[in-house]
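What follows is calculated from the coordinates using simple rules that are stated; it is not laboratory data. It should be emphasised that the depicted structure is a prediction, and the values quoted were computed from it without experimental measurement. Cβ: placed from backbone, ideal geometry, glycine included. Neighbour counts: every protein chain shown.
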Amino acid sequence: MKCNDAKIKELLPLYLERELDGAELKQVELHLASCEDCRTEFSLLQLVSEEPVPDPGEAFWAAMPDRVARDVRRHQKRTLGLSGLLAALFAHRGAWVTAAVCILAVALWSVQRDPVNMAAFPEEETAVQDMDPDTEAIVKEFSARELRTAVQWAQNESEPVRGALDEQMADPNQQISDDLLKLDERELDRFYNALEKKEQEIQNRIRKKMEDRKNIG
Amino acid sequence: MDEDLDLIERTATGEREAFNQLVIKYQKPLYALLYRMVSNHEDAADLLQKTFVKAFTGLDGFEQRSSFKTWLYQIAINLAKNVYRDRSRVQQVSIDDVVVKKNPGIVESLIKKESRLRLNKAMTELPEKQRLTLMLRVQDGKKFDEIADIMKCSVGTAKSNYHYAVYKLKAMMGDTETLDEKQKLTRSEAGLLPACRKKP
């Protein structure tokens with residue numbers, strides 16, 4: 001017969017763990033002597049609690065702190081490398097990079113659009129300063145509204161990173177800033193090369209989409 | 001908890017000894033929990049390492065709303081959940097294949113093994129939250145307020161999950177007789193005891 005004594009049922013795990021004493025201990029023992037349902041439940045809890053876990057051995061336990069420390073260091077190096085790139089990016093060539101990020105944002109945003117929507121581009125043109133003529137031609141195909149949307153997206157995405165980097169730069173611990181300076185030349189060049197290559201790929205994809213649209217039209 | 005906060009602060013300043021102490025303090029209970037969730041050493045060991053790495057690289061995200069131990073358990077459980085879902089905990093062993101001698105020790109261990117296999121199967125059939133709650137309460141000895149913190153639910157919900165898990169396990173394992181009675185029946189079938197009649 002099912003037992004509905006909620007208090008006893010709550011005490012059973014404590015009884016199992018030998019954490020009861022005094023009146024509660026006596027209460028549970030008396031109850032178990034007369035309640036088959038609770039005896040069943042207690043046997044079940046014993047079985048569950050006794051499920052064995054094999055011991056992997058002392059060598060395993062001894063090695064774990066070093067293994068964790070190694071992985072943590074690896075993770076920190078990766079994070080510092082990325083932060084270093086971004087810090088160098090925003091700290092040194094703001095105007096050029098801001099323009100490049102805007103172009104990339106606009107281009108990426110456009111290639112993700114549904115092709116049908118591209119046919120609805122308004123005729124408005126917009127002028128963007130400090131861009132090369134080819135890029136400017138591409139950007140002019142977008143409406144002012146769409147360009148503003150893409151630029152806003154790029155600014156929003158970069159805002160938290162800039163904030164985090166400002167904090168790092170202001171940190172009295174100079175080690176991070178020194179590391180960033182060392183990353184400056186080599187990593188910055190690598191990043192710009194990657195950015196230029198990506199920009200070229202996206203421009204090619206935009207041109208192809210425009211040509212396909214003309215052919216369909 | 002104050003001791004943990006002190007160790008965390010010292011770890012954050014780069015003190016390796018404090019870092020080691022935190023790992024050593026929690027590696028065994030975390031490993032036991034993870035092993036019970038994934039049922040094999042390789043996955044449990046891998047998840048244990050990932051749990052610590054995630055915790056130490058994300059210390060900025062530890063807001064001290066709960067204890068560091070609770071936070072570690074949350075990370076471990078979240079990492080283990082996906083692995084657990086892909087694994088079956090049912091082990092198929094035929095007791096008929098084993099030569100049963102009239103030796104109470106062997107029969108006793110076989111009875112226990114059979115019960116354990118049935119229990120493992122029943123545990124896999126429990127809903128995840130109920131199974132986890134039961135494991136944390138009975139195998140890990142966590143109190144309901146700790147379980148509520150780890151599972152991010154109320155204490156009432158933790159208790160409900162626990163009671164419902166026990167209720168379901170009893171139903172799946174067969175609650176018409178006690179486990180002791182089951183064992184007596186099996187022993188009589190093995191020729192070790194006079195035949196017993198089932199209780200009406």
Enumerate the residues in segment B:45-72 having an amide nitrogen under 14 Å from the point lying 7 Å beyond the Cα of B:Glu3 toward its Cβ.
-> B:68-69
Treat each spin label as a single point 7 Å out from the Cα along the C-beta direction, and report the B:Lys81 to B:Arg65 distance in nm.
-> 1.6 nm
Paramagnetic label zone (point 7 Å from Cα along Cα-to-C-beta, B:Lys28; backbone N under 17 Å) in segment A:48-62 = A:50-62
Other residues with Cβ under 14 Å from the Cβ of B:Leu7 give, with Lys and Arg +1 and Asp and Glu -1, a net charge of -3
Pair A:Arg213, A:Leu14: separation of 7 Å Cα→Cβ label points (nm) = 7.1 nm
Measure out, as a whole number of angstrom, how far apart the alpha-carbon centroids of segment A:1-59 and segment B:1-22 sit.
-> 36 Å
In terms of the alpha carbon gyration tensor, root eigenvalues a ≥ b ≥ c, rounded if a/c is under 1.5 and otherwise prolate when a/b exceeds b/c or oblate, segment B:1-40 is prolate
Here, B:Arg116 and A:His75, labelled 7 Å along Cα→Cβ, have an inter-label distance in nm of 3.4 nm
Ordering of B:57-67, B:146-156, B:10-20 by burial proxy (mean other Cβ atoms within 10 Å per residue, highest first) | B:146-156, B:10-20, B:57-67
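Based only on other Cβ atoms within 10 Å, what is the fewest-to-most ordering of B:Tyr164, B:Tyr31, B:Tyr26?
Working: B:Tyr164 16, B:Tyr31 23, B:Tyr26 20.
Listed from fewest to most nearby Cβ atoms, that is B:Tyr164, B:Tyr26, B:Tyr31.
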